[in-house]
Every structure is written in C-alpha cells, then in structure tokens.
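Structure first, commentary second.
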Protein chains: 2
Amino acid sequence: MKIDPKNPADLSAQIAGAIRDAIISGGLIVDERLPSEAELAEQFDVSRPTVREALKRLAAQSLIRTQRGATGGAFVNRLSFEAAQPQQITTSTLLLSMNAVSFETACEARYALERACAPLSAERRTPDHLATMRAEIHRQSQPGLTDEAFCASDVAFHRALVDGAGNPVLSYQLAGAVEAMQPLMNMITFTARDRARIITLHTDIADAVEAGDGATTLAALTALETETQDLAQSVFAARAARS
Amino acid sequence: MKIDPKNPADLSAQIAGAIRDAIISGGLIVDERLPSEAELAEQFDVSRPTVREALKRLAAQSLIRTQRGATGGAFVNRLSFEAAQPQQITTSTLLLSMNAVSFETACEARYALERACAPLSAERRTPDHLATMRAEIHRQSQPGLTDEAFCASDVAFHRALVDGAGNPVLSYQLAGAVEAMQPLMNMITFTARDRARIITLHTDIADAVEAGDGATTLAALTALETETQDLAQSVFAARAARS
DNA sequence: GCGATTCAAATGCCAGACAATTAGAACCCG
DNA sequence: CGGGTTCTAATTGTCTGGCATTTGAATCGC
C-alpha cells in the first residue's frame with residue numbers, strides 16, 4: 001500500500017484510494033482493524049490530520065467505521081444493503097435533479113426496471129408484501145391526503161412490490177430508481193379523479209400479484225406507466241400554458 | 001444550517017450532513033461556492049480541521065469539488081452520470097462480495113434488469129451500439145483470450161446493449177449490476193465449448209437487436225441467462241467435488 | 001473473588017502556523 | 001496606451017503539538 005508523494009492530487013485522496021483498493025482487492029477483510037491513525041501517518045509519511053481526512057472519505061462511503069476508546073480504531077465495514085441504500089437514493093435523486101433528466105426518461109427507466117421485478121414478485125411475494133401493498137392502497141384512498149403523502153404511499157407500495165421478488169440485489173437497485181422519482185412526482189398535483197385511476201391500477205397490480213399472475217401484473221404496470229406519463233404530460237402542459 | 005453540539009455523533013459528520021441537506025434541498029445550487037473553510041469554521045463554531053473533514057466526506061461522494069488559489073474554494077458539484085458510475089460500481093461490487101450473495105441471486109437480478117432494457121434497445125440502438133456489440137463478439141471468438149479478458153468483453157457487450165436503450169438512468173443503474181457481476185464471472189473457467197455457446201447467444205441477441213425485434217431479443221437474453229446459470233452451477237459443482 | 005479505581009490507548013477536536021497555488025491588481029516599460 | 005511582469009491577497013493543503021473524551025483492561029482494596 002503505497003502512495004506517490006509527487007502526485008499533484010491530494011494526499012488524503014491518494015491514501016483513501018490506497019486503502020479502498022486494499023479493501024476491494026480483499027487485502028483487508030471485513031471487521032479487520034486498520035492501523036491506528038498515528039501508525040498510518042507514519043506508514044504513509046504524512047501527518048495525522050491528513051490520515052484523518054482520508055479515513056473520513058472512506059467513512060462517508062461506509063467502507064469503514066470508527067470506534068473510540070482503548071480497543072477502538074477504524075474497522076473495515078461489512079457494507080450492507082441497508083447501509084448502501086440511503087446513499088444510493090441520495091445519489092439517484094441528485095442525478096435526476098441536477099441533470100435535467102426529463103420526467104419521461106426517468107419514468108421510463110423506473111417502470112422498465114420495475115417490470116423486471118414484477119413477474120418474480122408475483123411468483124414469490126410473501127403475505128407480508130401483499131398486506132403492505134393492500135395497506136398502502138387503503139391509505140391512498142383516504143380523502144384529505146396531501147399530494148406529498150399520496151406520493152410517499154405510492155413509493156411504499158412500489159417498494160413492497162419490488163421487495164416481493166425476494167432478491168436483495170434487485171431491491172437495492174430499484175430503491176434508488178423508485179425513491180429518486182419521488183421529488184419529480186411531488187411536483188404533480190393530483191385531482192381526485194387522478195387518484196382514483198391510480199388506485200384502480202394499484203388494485204389491479206395487487207390482485208395480479210396475489211393471483212401469482214406475472215403477465216397480468218406486467219400489463220397492469222404498463223398501464224400504470226402510461227397513466228403516469230399522460231398525467232405528467234397534462235400537468236406540465238397546463239403549467240406551461242398558465243405561465 | 002445548524003448543528004447540535006450536544007449530539008454524540010461526530011461534529012464533522014453533522015456538518016457534512018447539514019451541507020448535504022442544503023444541497024439536496026436546493027439551498028445550494030450547482031457551481032455555487034461554499035464559504036471558505038475559515039468562514040465555515042466560524043459559522044459552525046468549530047475548528048478548520050473539523051470543517052475540512054466534513055468537506056472531505058462530501059468530496060468523497062462527489063457532492064463538492066475544491067479548487068486552490070485566490071478564487072478557489074469548495075463548489076457544489078454537478079453530479080454527472082459519468083462521475084457517479086464508478087462509485088455505483090464499487091459499491092455494488094462490495095455489496096456482492098461482502099454479503100454472501102449467491103451467484104444465482106446476482107445473476108437473476110442482472111438479467112432481470114437487462115431484460116428491462118432489451119426491448120428499448122432493440123427499438124432505439126444506434127449503429128454505434130450495434131457495431132460495438134459485433135466487435136465484442138468478434139473479440140470473444142478469438143482464441144487465446146484469457147478468461148478475464150473474455151469476461152471483460154462480455155461486460156462491454158452487455159453495456160453496449162444497455163446503452164442502446166438511450167436512457168441514461170437505465171444505463172447508470174445497469175452499469176452497477178453488470179459490472180459488479182464481473183468478479184463473480186471471473187471465478188468461472190470457460191471451456192472452448194462454453195465460449196462457443198455464449199458467442200452464439202450473443203450473436204442471436206445482436207441479430208435480434210439489429211432487426212429491432214424486442215421479443216426475440218428477450219428470448220435470447222433469457223436463453224443466455226439459463227446458459228450462464230447452468231454453466232456456473234456445473235463449475236461450482238465440479239469445484240465442490242474436487243475439494 | 002469482586003467491585004471500584006486507575007491507566008493506557010485510541011479517536012475527536014482544537015490552535016496556530018507555514019507551504020503551495022491561483023487569480024487579479026499593480027506596476028513597469030516600450 | 002498596451003502588453004507583459006511582478007506583487008499581493010485569498011484560499012486550500014499540510015504539519016506540529018496539544019488537550020479532551022471514550023473505553024477496555026489492568027490493578028488495587030476489600
């Protein structure tokens with residue numbers, strides 16, 4: 001694990017990269033303790049603050065965790081899906097908001113990915129997943145719900161659908177795509193009629209999943225995508241006309 | 001933007017979180033310059049090293065970039081798909097290697113997601129994407145290729161297929177899934193016969209994409225998944241028997 | 001033996017300083 | 001007056017040294 005002192009890049013970035021590579025290549029294994037900050041400083045021939053900056057970089061990516069105290073130090077983190085998910089969502093959200101991705105493109109991606117899970121979910125979902133979906137549909141049908149709460153429930157519904165596939169890799173990937181869409185969805189004002197149509201389609205999906213019917217689930221999802229795209233288009237068109 | 005000095009969490013983590021929230025909520029816009037480290041230190045009533053640790057955390061997530069010099073400072077980064085992709089791949093790779101995800105699960109997720117792109121790619125792929133796919137197929141058919149190089153070419157082929165959908169959100173999500181599989185694929189030893197079958201299926205996919213035939217593309221992809229799963233199973237079984 | 005105390009190691013944080021870099025201002029000269 | 005050069009100020013990058021806090025373990029007293 002070496003760094004190049006003549007490299008113009010930040011020393012802390014180089015050190016972070018060296019340690020990251022060691023973790024990825026398996027040179028450092030999960031729960032292994034890194035040398036103390038003082039020892040690392042000596043190893044890389046830099047000061048302790050520089051080492052600390054490097055460690056903070058790694059901590060920001062959940063690659064390591066730190067503990068204080070006598071047996072403390074920096075430890076290689078077991079990167080769990082739960083820990084990685086918030087970062088994935090944050091990144092996806094920012095990517096959408098900063099890159100002028102059209103609603104259409106984001107929506108297409110989301111439903112394309114979701115359709116990938118749907119047949120698996122119809123086949124494998126547990127009663128729990130189905131119950132969550134039904135509960136969210138019920139929540140969505142309550143009057144007086146704000147648009148934000150409606151969208152949040154929509155996200156919960158779709159996450160239950162995705163989780164039903166029982167594949168953590170899929171759930172992880174989809175969480176980013178689905179959650180990142182929420183700010184875009186929140187820009188839409190839903191009329192009572194819009195909500196009714198969406199709830200109907202959600203019910204269709206839940207029914208198909210309950211029946212274990214992958215093809216029907218796919219069809220209902222596609223209908224929901226069409227509905228969502230049309231709705232967004234009309235909302236944005238109306239907004240453009242008003243201004 | 002405030003922090004709680006009584007919070008047990010690290011001050012640098014709190015500060016990083018506060019700035020991150022400001023970026024996500026739109027309080028800080030792209031390319032906006034943050035206050036200097038000295039000013040931030042005063043604002044949050046902490047020392048400059050603490051502020052620096054916070055900024056490094058954000059830099060590790062590509063949320064900010066820093067410039068030295070007179071007009072330097074920390075700037076809110078426009079998070080691009082290109083910049084986010086390597087992190088996405090690193091995270092996905094570590095998730096697979098650290099969580100005892102079975103080859104079967106990872107492979108299922110990858111092909112499920114890829115099938116989501118396939119019809120779109122068949123419809124929209126440019127000649128460039130097709131040419132890349134053909135070129136990779138040609139590379140794969142060369143004798144003397146190491147298993148690693150074969151897998152790398154496989155990844156390139158599939159990325160071209162995914163990129164053909166022309167949806168950056170899909171490409172971003174899929175890059176993680178496809179690239180993260182590579183270390184797992186590299187564990188497989190391919191016989192000449194294995195390669196020939198894979199190349200045949202790749203050619204089927206390329207042909208279907210060229211014809212703009214989404215359904216056939218899907219079928220070929222599914223056949224490739226089955227082939228891959230079978231191959232992996234036999235390789236792992238042989239390995240288990242040998243040991 | 002067991003509980004309380006002390007100790008040592010490690011991270012978290014701070015103050016101050018210097019080096020390196022960079023853009024812009026000031027200056028000089030033709 | 002214009003162009004090139006130098007100077008300067010601002011800012012990040014790094015270092016030194018130190019203190020505070022936490023925490024496990026060793027030690028001591030009972």
Please specify each residue of segment A:88-102 satisfying the condition of being assigned to a helix (DSSP H, G or I) and farther than 20 Å from residue B:113 by Cα. A:90, A:94, A:97, A:98
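Yes/no per residue for (1) under 25 Å from the mean Cα position of the chain (by Cα); (2) assigned by TED's automatic domain parsing to the domain that holds residue A:177; (3) within 16 Å of DNA strand C (Cβ to nearest atom):
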position	(1), (2), (3)
A:24	yes, no, no
A:34	no, no, yes
A:50	no, no, yes
A:93	yes, yes, no
A:113	yes, yes, no
Suppose we filter segment B:74-89 for residues that are more than 7 Å from chain A (Cβ to nearest Cβ) and surrounded by 19 or more Cβ atoms within 10 Å (Cβ to Cβ); how many remain? 4
In segment A:177-221, the residues that are within 14 Å of another protein chain (Cβ to nearest Cβ), of a type in the set (S, T, N, Q) and either surrounded by fewer than 19 Cβ atoms within 10 Å (Cβ to Cβ) or under 23 Å from residue A:237 (Cα atoms) (or both): A:182, A:186
Scan segment A:20-35 for residues that are surrounded by 14 or more Cβ atoms within 10 Å (Cβ to Cβ), within 20 Å of residue B:92 (Cβ to Cβ) and touching a strand residue (DSSP E or B) at 6+ places or on another chain (Cβ under 8 Å) and report the count. 3
Long-range neighbours under 9 Å by Cβ, at least six apart or interchain, first residue of a type in the set (A, V, I, L, M, F, W, C) and within 13 Å of DNA strand D (Cβ to nearest atom) within segment A:63-77, second part of a strand (DSSP E or B) and open to solvent by less than 20 Å² (accessible area, probe 1.4 Å): A:75/A:64
Kindly evaluate residue B:46 against the criterion of being within 11 Å of DNA strand C (Cβ to nearest atom), assigned to a loop (DSSP other than H, G, I, E, B) and closer than 19 Å to residue A:56 by Cα. yes
Counted residues, segment B:95-131 - those being open to solvent by 60 Å² or more (accessible area, probe 1.4 Å) and closer than 15 Å to residue B:156 by Cβ: 1
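Quick grid of which residues meet (1) over 30 Å from residue B:108 (Cα atoms); (2) of a type in the set (A, V, I, L, M); (3) outside the structural domain of residue A:98 (by TED's automatic domain parsing):
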{"site": "A:173", "(1), (2), (3)": "no, no, no"}
{"site": "A:176", "(1), (2), (3)": "no, no, no"}
{"site": "A:181", "(1), (2), (3)": "no, yes, no"}
{"site": "A:189", "(1), (2), (3)": "yes, no, no"}
{"site": "A:203", "(1), (2), (3)": "no, no, no"}
{"site": "A:206", "(1), (2), (3)": "no, yes, no"}
{"site": "A:210", "(1), (2), (3)": "no, no, no"}
{"site": "A:229", "(1), (2), (3)": "no, no, no"}
Could you give me the residue pairs with C-beta distances under 6 Å whose first residue belongs to segment A:29-41 and is in a helix (DSSP H, G or I), whose second residue is among the β-branched types (Val, Ile, Thr) and surrounded by 14 or more Cβ atoms within 10 Å (Cβ to Cβ) wherever it lies, and which are 6+ apart or on separate chains? A:37/A:51; A:40/A:51; A:41/A:51
Tally time: how many residues in segment A:47-91 are modelled with pLDDT of 95 or more and of a type in the set (Val, Ile, Thr)? 5
Give me the residue from segment B:36-60 that is under 13 Å from residue A:54 (Cα atoms) and more than 11 Å from DNA strand D (Cβ to nearest atom) and, out of that set, most open to solvent (accessible area, probe 1.4 Å). B:57
Being assigned to a helix (DSSP H, G or I) and touching a Lys or Arg at 6+ places or on another chain (Cβ under 9 Å) is true for just one of A:184, A:231, A:201. Which residue is that? A:231
Looking only at segment A:139-176, filter to residues that are open to solvent by less than 10 Å² (accessible area, probe 1.4 Å) and over 25 Å from residue A:83 (Cα atoms); which one of those is nearest to the other protein chains (Cβ to nearest Cβ)? A:150
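The values are calculated or read from the model by the stated rules, or taken from the named source; none is laboratory data. Predicted model, so just to flag it, every value in this text is computed and none were measured. In this analysis, Cβ positions are derived from the backbone assuming ideal geometry, glycine residues included, and neighbour counts consider all displayed protein chains. Surface accessibility is based on the protein's heavy atoms, side chains included, excluding ligands, DNA and RNA. Shrake-Rupley method; radii C 1.70, N 1.55, O 1.52, S 1.80 Å.
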